[in-house]
Structures are given as C-alpha cells and as structure tokens.
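Here the structure is laid out as structure tokens; the discussion comes afterwards.
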Amino acid sequence: MFDAAAQALGIAPEMLVHTVRSDLLAAVEAEGLTAQLREQTGALLHRLAQENTAVLLTCSSLGPVVDGLGQAQILRADAALAVAAVQGGQRVVVLCAAPSTVSATGELFNAAAQATGAWVEVRLVDGAWALFKAGERERYFERIRTAVAIAFKEGAEVVALAQASMAGATHDEPPGLHVLTSPRASVAAAVALAFRG
C-alpha cells in the first residue's frame, strides 16, 4: 500500500525501506502502550532515523510514541492523515478497525481539528479487526465499506480510515466522496520532509 502510494506521487518504491515489527503491535494489543513498549519502540525509531532521511511510523496504536521523541524526521502516518482530514473544517468521521487505537486516534484527530474547527467523530468498525487477523481480507474490507457508507449517509463530509490496512477498502468508492487513507497522506508528508530544502 505504501509502495503504491509512493508510485502515485511519482516516487520510486525502491526509495522506501520497510521494517515490519508485528511483535510490537501484538504487545500493544495485549498490554496497552506500556512504558517498556514506549522505550522499545522509541529506540527502534531513533535507530531508523539515524539510517534514513525520514521515518514513518505506520501503526496508529504505537503512534503516541512519536510525540515524545522530539525528532522532526520521525512522522506518524495517522498524524498526516489527521491533518489532511480536518483541513477543510468539515464534518469528519474517523473509522478505526483496531480497538487498541481508538483512544489515541481520537486524541490526535481532535487536536488537529482545533486549528480548523472541523467536527470529528471517531468510530470503531465492530468486528473488523477480528476479520483482519483471521485473514478474511475481503470480509474485512466489506465491513469497512459498509461503515463508510453509513457515515456518509449520516452526514459525514469526509471519512478517514485510521489504519493503513483499511486502505484496500477504497478501490470502489463512489465518485465525489472524500475517503482518506493514511498511506497516501503519510507518504506525501514523508516525501515532503525528505526533500525539503
């Protein structure tokens, strides 16, 4: 998804380096964002920042770790999404698949909305994460599409999909509806940072 987002922005996918740490996601789901997990994730991000021009943390459940690091070259994928979603000051519904990210996502989007006056509501897509973890991707995406349709029917002007894994649900979105995903918003922010100046 991130390679595709880079390509759509004219950036060669080989310019991206991926580090996958599913153990960190499993830990935050099991225990929450503990001090030990914050320290472990922070150390990894610092190391990656020494080796790369920009670092993009794609896990929204671990996202709050970035806020305490004070390093401009380390970005949260969900923070870029939040900025993009609220910039028009509209009615925004944020859909979360993973229960572990609802609280952090709400704090992030509400903070971003203060600058624009956007109205934000964060919703959990019931049962979606269990489908994702079971490998039932098409049912996962269908559950998300249903939640998107409901949000628009209830008056949302923008729908943001909080987890990167949700982006696959947008391939057949109706024209004119603003469904935002973190891969494209965050890769654009990382590229802008990497090539700044």
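In the stretch 1-116, the convex hull through the Cα atoms has an average projected area of 7.9 nm², a quarter of its surface area. Please state the charge dipole magnitude for the chain, taken about the Cα centre, from unit charges on C-beta atoms (+1 on K and R, -1 on D and E), reported in debye and rounded to the nearest 20. Approximately 160 debye in magnitude.
Can you list, largest first and rounded to whole Å, the semi-axes you get for the stretch 92-182 by taking the square root of 5 times each eigenvalue of its Cα gyration tensor? Let's see the in-between values first.
On the way: eigenvalues 88, 51, 19 Å².
The answer is 21, 16, 10 Å, longest axis first.
Averaging over all projection directions, the Cα-based convex hull of the chain occupies 11.1 nm² in the image plane.
Of the DSSP H helices in the chain, those that are both long (alpha-carbon extent of 20 Å or more along the helix axis) and hydrophobic (Kyte-Doolittle mean at least -1.0) are 35-51, 137-153.
When the accessible area of the stretch 7-161 is split by element with a 1.4 Å probe, what percent falls to carbon and sulfur? Carbon with sulfur: 51 percent of the solvent-accessible area.
Annotation: the antiparallel percentage among DSSP beta bridges lying fully within the chain is about 0. When the Cα convex hull of the stretch 23-67 is projected onto planes of every orientation, the mean area is 3.0 nm². With protein chains left intact and a 1.4 Å probe, residues in the stretch 1-151 average 51 Å² of accessible area per residue.
The values are calculated or read from the model by the stated rules, or taken from the named source; none is laboratory data. Computed from a prediction, not measured in an experiment: that's the story for all the values here. Because the Cβ atoms are built from the backbone with ideal geometry, glycine has one as well, and the counts that use them run over all protein chains shown. Heads up: the accessible areas ignore ligands, DNA and RNA and are worked out on the full protein's heavy atoms, side chains in. Shrake-Rupley method; radii C 1.70, N 1.55, O 1.52, S 1.80 Å.
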